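Structure, as structure tokens:
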């Protein structure tokens, strides 16, 4: 399993801790207009692997064509767009919550934890934060003075959120490809941990591995040897 705990403190995981991963672009001149950060996640639905979040402050003077919801962008274009976002954004940060945190706190709270880590990882604080979804995580404990806004379908409606969705998705996909080398029998490189017939069949045959989310029902069934792939409804 990829160890993302090396940079974390001993605080309770429900509180803020440093981002699991923070990647930052070189500093550049900041425009005078208020800065807006977009935040989005990838990997809430899979049966295995971390949930990843990204925060992005785009530069209005350096527009990136084609940025939109990562789910409607093919993998090759996502990779190209991710490079452009990293190169042209004023600031960006990627962070995650691991499987243990997902199973301990539930997937929603683990997602919020990853989002908080991504926001704190930005080397420039935004004036406003736009988050994909119908509600915002709690940011009370974070050293931020900005305003927050939840936007349903924000990854399709706000370019900054779309950029965050692309970075989160590209990062998580790369992590699952690396994890496939450790657990090749599950096919993580192809389905990225999502509920596919191939994944159900592997779970049924081999049982769960260390990166499976034990709090998810199909994984619980496989742990007890009760998972029958042909009887499960695949949710994609």
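Couple of notes before you dig in:
- Residue satisfying condition, being assigned by TED's automatic domain parsing to the domain that holds residue 48, surrounded by fewer than 13 Cβ atoms within 10 Å (Cβ to Cβ) and either over 16 Å from the mean Cα position of the chain (by Cα) or closer than 20 Å to residue 107 by Cα (or both), within set 226, 217, 140: 140
- Members of the range 70-91 that are crowded, with 19+ Cβ neighbours inside 10 Å and more than 28 Å from residue 210 (Cβ to Cβ): 73, 81, 85, 89, 90, 91
- Qualifying residue in the range 48-55 (condition: in the same structural domain as residue 118 (by TED's automatic domain parsing), part of a helix (DSSP H, G or I) and in contact with a strand residue (DSSP E or B) (Cβ under 9 Å, 6 or more places away or on another chain)): no
Here's the yes/no breakdown for (1) free of Cβ contacts under 8 Å to residues at least 24 places away in the same chain; (2) more than 24 Å from residue 66 (Cβ to Cβ):
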residue	(1), (2)
80	yes, no
91	no, no
102	no, yes
127	no, yes
134	yes, yes
142	no, yes
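- In the range 122-132, the condition of being more than 20 Å from residue 148 (Cα to Cα) and surrounded by 13 or more Cβ atoms within 10 Å (Cβ to Cβ) is met by no residue.
- Failed item in (1) buried (at least 23 other Cβ atoms within 10 Å of the Cβ); (2) free of Cβ contacts under 8 Å to residues at least 12 places away in the same chain, with residue 117 passing the rest: (2)
The values are calculated or read from the model by the stated rules, or taken from the named source; none is laboratory data. Given the structure is predicted, the values throughout are model-derived calculations rather than measurements. Using ideal geometry, Cβ is built from the backbone for each residue, glycine included, and neighbour counts are taken over all protein chains shown.
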